[in-house]
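Written below as structure tokens is the structure these notes are about.
The values are calculated or read from the model by the stated rules, or taken from the named source; none is laboratory data. Note that the structure is a prediction, hence the values are computed from the model and not measured. We place every Cβ from the backbone using ideal geometry, glycine too, and count neighbours over all the protein chains shown.
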Amino acid sequence: KAGVTQTPRYLIKTRGQQVTLSCSPISGHRSVSWYQQTPGQGLQFLFEYFSETQRNKGNFPGRFSGRQFSNSRSEMNVSTLELGDSALYLCASSLAGTGNSPLHFGNGTRLTVT
Amino acid sequence: GESVGLHLPTLSVQEGDNSIINCAYSNSASDYFIWYKQESGKGPQFIIDIRSNMDKRQGQRVTVLLNKTVKHLSLQIAATQPGDSAVYFCAEALKGQGGKLIFGQGTELSVKP
């Protein structure tokens with residue numbers, strides 16, 4: 001079974017621009033979560049989607065948004081990019097995301113903001 | 001954020017020895033706990049999980065111990081191999097919020113051949 005796929009793998013953007021990252025979950029997984037990983041803050045939860053609805057949200061500004069499609073694929077968008085948004089963005093999927101099944105992560109999208 | 005630290009704790013072990021990686025979790029109400037291994041350039045890889053109604057769970061070469069009294073989690077790796085070298089993260093979640101993991105800062109495991 002194919003794992004979680006994230007595209008693109010690397011991205012370089014300029015401050016003020018916006019970016020969209022894509023995630024394809026493991027087949028059959030209906031929950032998709034997004035995380036930001038930086039050396040200073042570690043892994044931090046952004047949001048979780050289940051059946052096209054945002055089920056949980058972390059403590060990030062409104063510039064960070066996401067959505068989930070009917071096939072469970074998900075995208076996240078960051079608008080008005082800031083230098084501090086440079087990070088590895090990780091997507092994870094699970095069967096239900098209710099605490100009964102583990103999250104499986106993709107290899108991430110490395111975003112660099114210049 | 002909940003996870004801080006520019007410098008990861010490091011554990012250095014000899015190949016063949018057993019490794020123990022410790023983690024203090026933050027919320028006594030957390031119901032679900034999970035360990036991940038992250039290698040350079042890759043996303044976190046699931047190792048083993050445990051629910052709060054258990055205090056021990058074993059997998060292949062790995063054991064997770066949960067002490068709710070002191071909010072402590074540990075990962076034991078038997079017969080550590082060079083391929084085990086990576087950063088290891090513990091994470092916790094509240095009941096019903098398994099998609100929202102709170103991660104520890106991570107521990108870097110270095111295995112010397």
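Does any residue in segment A:34-56 that is surrounded by 15 or more Cβ atoms within 10 Å (Cβ to Cβ) come within less than 9 Å, Cβ to Cβ, of a residue that is among the acidic types (Asp, Glu) six or more places away or on a different chain, and which pairs are these?
A:34/A:48; A:36/A:85; A:41/B:2; A:42/B:2; A:44/B:2; A:45/B:2; A:55/A:48; A:56/A:48
Please pick out the residue among A:27, A:93, A:70, A:22 that is part of a strand (DSSP E or B), of a type in the set (Gly, Ala, Ser) and surrounded by fewer than 17 Cβ atoms within 10 Å (Cβ to Cβ).
Selected residue: A:22, the only one of A:27, A:93, A:70, A:22 that is part of a strand (DSSP E or B), of a type in the set (Gly, Ala, Ser) and surrounded by fewer than 17 Cβ atoms within 10 Å (Cβ to Cβ).
For residue B:28, work out the one condition from (1) within 12 Å of chain A (Cβ to nearest Cβ); (2) among the small types (Gly, Ala, Ser); (3) in contact (Cβ under 8 Å) with a residue 40 or more places away in the chain it doesn't fulfil.
So residue B:28 meets the others, but not (1).
Step by step: first the residues of segment B:63-113, then only those that are within 12 Å of another protein chain (Cβ to nearest Cβ), in a loop (DSSP other than H, G, I, E, B) and not polar (S, T, N, Q), then the one that is surrounded by the most Cβ atoms within 10 Å (Cβ to Cβ). Which residue is that?
Filtering segment B:63-113 for residues that are within 12 Å of another protein chain (Cβ to nearest Cβ), in a loop (DSSP other than H, G, I, E, B) and not polar (S, T, N, Q), the one surrounded by the most Cβ atoms within 10 Å (Cβ to Cβ) comes out as B:101.
Can you name the residue in segment B:1-24 that is within 14 Å of chain A (Cβ to nearest Cβ) and either over 14 Å from residue B:100 (Cα atoms) or in contact with a Cys (Cβ under 7 Å, 6 or more places away or on another chain) (or both) and, of all such residues, is modelled with the lowest pLDDT?
Initially, segment B:1-24 is screened for residues within 14 Å of chain A (Cβ to nearest Cβ), giving B:1-9, B:23.
If we keep only those that are either over 14 Å from residue B:100 (Cα atoms) or in contact with a Cys (Cβ under 7 Å, 6 or more places away or on another chain) (or both) too, we end up with B:4-9, B:23.
On the way: B:4: 36, B:5: 40, B:6: 50, B:7: 68, B:8: 84, B:9: 92, B:23: 95.
This residue is B:4.
Residues A:31, A:51: which one is facing chain B (nearest Cβ under 9 Å) and modelled with pLDDT under 95?
Values: A:51 fails: facing chain B (nearest Cβ under 9 Å).
Unique residue meeting the criteria: A:31.
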